[in-house]
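For reference, the structure is listed below as structure tokens.
The values are calculated or read from the model by the stated rules, or taken from the named source; none is laboratory data. As the structure is a computational prediction, the values presented were derived from the model and not from experiment. Backbone-built Cβ (ideal geometry, glycine too); neighbour counts: all protein chains shown.
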Amino acid sequence: MKPRGAIGLALLGGLLFSAPLLAAEKADRQEVYLAPGWGKLSFDAPPAGSYKLPALEKAAGGTLLNSSGKRVELSELLQDHITLLGFIYRTCDDVNGCPLSTMVLRTVANRLQKQPQLAQRLRLITISFDPRNDTPQAMAEYARSIMGKATLNWHFLTSESDEQIQPVLDAYQQYVVADVSGKDGQGKFSHILRVYLIDTQAQIRNIYSLSFLHPDILVNDVKTLLLEGDAAASPAVAAQ
């Protein structure tokens, strides 16, 4: 099953090399506002470790399906790694919506892959809130389109039904309203774009909205939590 929509096709066809350029061209043709995450950050992100990220609240779990169709417990995936978690629907064609979220996560993964000692401590989770269309098979194909041959700790999850995903959406205050006017139920969704930074103790440490979802910020925040964990594990390091 191929994703619908010009933005979806552009994203999947050129994510690794030209997603920002494609998004800019699309926006220019339609006079669409481009979120900061598609381009260069307009300011220098604070250096990793130069600031604190307080714990906001406990990250919620829930029973979901992985791209193989196997039930998984989200709470088990939120252990022992720094996690970046985002909600999408696969056929989203809003340039500042799901494609932006996926592009930013992929960019973060690309950058950290150049530092394997950091990359192996990061987990990415993408959860669909469109179980009718985003079946495990569809999510597996989507994952291959995004990752290619890269080996990443990236989980693409869906659910068995709207009833199953709703408690997870509620827990993360991820509000979603379905537009059922589309053909054959292939409707669109109105939703708030959010990505969550979760530490190794399953505590939410930051929530990124449209204005702050940028690879530079996310990379430094991930590194900040890794430095925090290293300092806690080695008191002598923290004392220096």
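Considering (1) acidic (Asp, Glu); (2) out of contact with any Pro (no Cβ under 9 Å at 6 or more places or on another chain); (3) farther than 24 Å from Ile217 by Cα; (4) at pLDDT below 95, the lone condition that Asp94 does not fulfil carries the number (3).
For segment 4-15, does any single residue satisfy the condition of being at pLDDT 90 or above and under 15 Å from the mean Cα position of the chain (by Cα)? Checked against the condition, which is being at pLDDT 90 or above and under 15 Å from the mean Cα position of the chain (by Cα), segment 4-15 yields no hits at all.
Criterion first (at pLDDT 95 or above, part of a helix (DSSP H, G or I) and at negative phi) does Ile165 satisfy it? Here the answer is yes, as Ile165 does meet what is asked.
The residues on offer are Thr158, Thr107, and the sole one that is closer than 18 Å to Ile217 by Cα, among the hydroxyl-bearing types (Ser, Thr, Tyr) and touching a helix residue (DSSP H, G or I) at 6+ places or on another chain (Cβ under 6 Å) is Thr107. If you go through segment 64-106 and keep only what is polar (S, T, N, Q), part of a helix (DSSP H, G or I) and in contact with a strand residue (DSSP E or B) (Cβ under 8 Å, 6 or more places away or on another chain), you end up with Ser101, Thr102.
Scanning segment 111-162 for residues that are of a type in the set (A, V, I, L, M), closer than 21 Å to Glu76 by Cα and assigned to a helix (DSSP H, G or I) yields Leu118, Ala119, Met139, Ala140, Ala143.
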